[in-house]
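Asker: There's a structure below that I have some questions on.
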Amino acid sequence: MSIRGVILAGGKGTRMGELTRVTNKHLLPVGAWPMVYHPLKKLTGAGVQEVLLVSGTEHMGDFVELLGSGRDHNCRLTYRVQDEAGGIAQALGLAEHFCMGSRSLVLLGDNIFRDPLVPLLEKANTRPDWAWIGLKQVPDPGRYGVAELKGDQVVGIEEKPENPKSDFAVVGIYIYPPDVFGLIKTLKPSRRNELEITDVNNHYINQGRMGCFRLDGYWTDAGTLDSLDYSNELVRKEPPRF
């Protein structure tokens, strides 16, 4: 089954203060490149040549000017506008026609990590009808969605739990089979009035169709001033592998 890449680069970046007053946070520098280059290079490094980028209305033109058709990045880029913030699952739903009949490899645009995607894809290819999520062992799991594990099997995910059942955070790397888009259409908005990706993942867990892969190298999101500084420090000391 073929696979297509999806980069979710929406959001207003309000936690970044003045840095995102006139630009999208995914265009800020992490190391020698704009942040959005990191997920794009991860995808193309894994051989994914068809990539969709989803962002908001304000700065879509900046992404198109920066990345163009994707020719200079050895891929073919398609763009979709997310008119208003509605959650990760809602943004992924915009990729339905782009991913028709294919699996989707979804990366959050502000996740910076060391590991290449090829080994993760090889593992996911053993069960192409499953969903797969990336996990990273962290010292402060209560800040994230946390995976409950039995051996190598994910049996539940809790959002920002007071008493985490493991120290493995769910990171912004997801692989879904084609039926994910029908599932997204059945979701109800959460208390935040968003369609939550955790609801998608728990559906596959309940069906016994959820796999996971653990990242060995560093991982962080670059969505705050502190984590943006940390991301730059990480990639300077140890460049990511694509």
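The values are calculated or read from the model by the stated rules, or taken from the named source; none is laboratory data. Predicted model only: the values in this text are computed from it and were never measured. FYI the Cβ positions are ideal-geometry reconstructions off the backbone, even for glycines, and counts take in every protein chain you see. Surface areas here come from the heavy atoms of the whole protein model, side chains and all, with no ligands, DNA or RNA. Shrake-Rupley method; radii C 1.70, N 1.55, O 1.52, S 1.80 Å.
Asker: Check 176, 230, 218 and return the single one that is modelled with pLDDT of 95 or more, on the phi < 0 side of the Ramachandran plot and crowded, with 20+ Cβ neighbours inside 10 Å.
Answerer: Numbers: 230 fails: crowded, with 20+ Cβ neighbours inside 10 Å; 218 fails: crowded, with 20+ Cβ neighbours inside 10 Å.
Residue meeting the stated conditions: 176.
Asker: Let me ask another. Identify, from the list 157, 184, 173, the residue that is under 26 Å from residue 36 (Cβ atoms) and touching a helix residue (DSSP H, G or I) at 6+ places or on another chain (Cβ under 6 Å). Break it down into steps so the answer makes sense when it comes.
Answerer: Numbers: 157 fails: under 26 Å from residue 36 (Cβ atoms); 173 fails: touching a helix residue (DSSP H, G or I) at 6+ places or on another chain (Cβ under 6 Å).
None of the other options fit; the residue is 184.
Asker: Among the small types (Gly, Ala, Ser) and at pLDDT below 95, is that true of residue 151?
Answerer: Values: among the small types (Gly, Ala, Ser): yes; at pLDDT below 95: yes.
Judged against the criteria, residue 151 is a match.
Asker: Please determine whether any residue of the range 183-191 is among the basic types (Lys, Arg), open to solvent by 50 Å² or more (accessible area, probe 1.4 Å) and touching a residue at least 60 places away in the same chain (Cβ under 8 Å).
Answerer: Pass one, the range 183-191, residues among the basic types (Lys, Arg): 185, 188, 191.
With the extra rule that they be open to solvent by 50 Å² or more (accessible area, probe 1.4 Å), the set shrinks to 185, 188, 191.
Narrowing further to those that are touching a residue at least 60 places away in the same chain (Cβ under 8 Å): 185.
So far as the range 183-191 goes, yes, one or more of its residues are among the basic types (Lys, Arg), open to solvent by 50 Å² or more (accessible area, probe 1.4 Å) and touching a residue at least 60 places away in the same chain (Cβ under 8 Å).
Asker: Being surrounded by 21 or more Cβ atoms within 10 Å (Cβ to Cβ), under 18 Å from the mean Cα position of the chain (by Cα) and not hydroxyl-bearing (Ser, Thr, Tyr): is that true of residue 95 here?
Answerer: On the way: surrounded by 21 or more Cβ atoms within 10 Å (Cβ to Cβ): yes; under 18 Å from the mean Cα position of the chain (by Cα): yes; not hydroxyl-bearing (Ser, Thr, Tyr): yes.
So residue 95 passes the test.
Asker: While we're here: Mind telling me which of the residues 51, 64, 6 ends up being open to solvent by 40 Å² or more (accessible area, probe 1.4 Å) and on the phi < 0 side of the Ramachandran plot?
Answerer: Numbers: 51 fails: open to solvent by 40 Å² or more (accessible area, probe 1.4 Å); 6 fails: open to solvent by 40 Å² or more (accessible area, probe 1.4 Å).
After ruling out the rest, the residue left standing is 64.
Asker: I would also like to ask the following. Which condition number in (1) under 16 Å from the mean Cα position of the chain (by Cα); (2) of a type outside the set (Val, Ile, Thr); (3) at pLDDT 95 or above; (4) closer than 19 Å to residue 174 by Cα is the one that residue 25 fails?
Answerer: (4)
Asker: Please determine whether any residue of the range 20-33 is open to solvent by 50 Å² or more (accessible area, probe 1.4 Å), farther than 27 Å from residue 177 by Cβ, of a type in the set (Lys, Arg) and touching a Leu at 6+ places or on another chain (Cβ under 9 Å).
Answerer: Looking only at the range 20-33, we keep the residues that are open to solvent by 50 Å² or more (accessible area, probe 1.4 Å), and these are 21-22, 29, 32-33.
From what's left, farther than 27 Å from residue 177 by Cβ: 21-22, 29, 32-33.
Add one more test, that the residue is of a type in the set (Lys, Arg), and what stays is 21.
Cutting the leftovers down to touching a Leu at 6+ places or on another chain (Cβ under 9 Å) gives us none.
No, the range 20-33 has no match at all.
Asker: Follow-up question, since we're still on this one. Return yes when residue 85 is buried (at least 22 other Cβ atoms within 10 Å of the Cβ), outside any strand (DSSP E or B) and either out of contact with any helix residue (DSSP H, G or I) (no Cβ under 8 Å at 6 or more places or on another chain) or not charged (D, E, K, R) (or both) and no when it is not.
Answerer: Working: buried (at least 22 other Cβ atoms within 10 Å of the Cβ): no; outside any strand (DSSP E or B): yes; either out of contact with any helix residue (DSSP H, G or I) (no Cβ under 8 Å at 6 or more places or on another chain) or not charged (D, E, K, R) (or both): yes.
Criteria not met by residue 85.
Asker: Checking the conditions here, which among 70, 101 is among the small types (Gly, Ala, Ser) and in contact with a Pro (Cβ under 7 Å, 6 or more places away or on another chain)? I'd like the intermediate steps shown before the answer.
Answerer: On the way: 70 fails: in contact with a Pro (Cβ under 7 Å, 6 or more places away or on another chain).
Every option except 101 fails the conditions.
Asker: Now, a different point. Please work out which residue is nearest to residue 124 (Cα to Cα), limiting yourself to the range 149-173 and to residues that are among the acidic types (Asp, Glu) and open to solvent by 60 Å² or more (accessible area, probe 1.4 Å). So that I can check it myself, show each step before the final result.
Answerer: Going through the range 149-173, the residues among the acidic types (Asp, Glu) turn out to be 152, 158-159, 162, 167.
From what is left, the residues that are open to solvent by 60 Å² or more (accessible area, probe 1.4 Å) are 152, 158-159, 162.
Numbers: 152: 13, 158: 23, 159: 24, 162: 31 Å.
Among those residues, the one meeting the criterion is 152.
Asker: Restricting to the range 44-96, name every residue that is of a type in the set (Ser, Thr, Tyr) and within 25 Å of residue 240 (Cβ to Cβ).
Answerer: Keep residues of the range 44-96 that are of a type in the set (Ser, Thr, Tyr), which gives 44, 55, 57, 69, 78-79.
Those that are of a type in the set (Ser, Thr, Tyr) and within 25 Å of residue 240 (Cβ to Cβ): 44, 55, 69, 78, 79.
Asker: So, one more: Report yes if residue 121 is in contact with a Phe, Trp or Tyr (Cβ under 7 Å, 6 or more places away or on another chain), open to solvent by less than 60 Å² (accessible area, probe 1.4 Å), farther than 29 Å from residue 65 by Cβ and modelled with pLDDT of 95 or more, otherwise no. Steps first, answer last, please.
Answerer: Details: in contact with a Phe, Trp or Tyr (Cβ under 7 Å, 6 or more places away or on another chain): no; open to solvent by less than 60 Å² (accessible area, probe 1.4 Å): yes; farther than 29 Å from residue 65 by Cβ: yes; modelled with pLDDT of 95 or more: yes.
No; evaluated as a whole, the condition is false for this residue.
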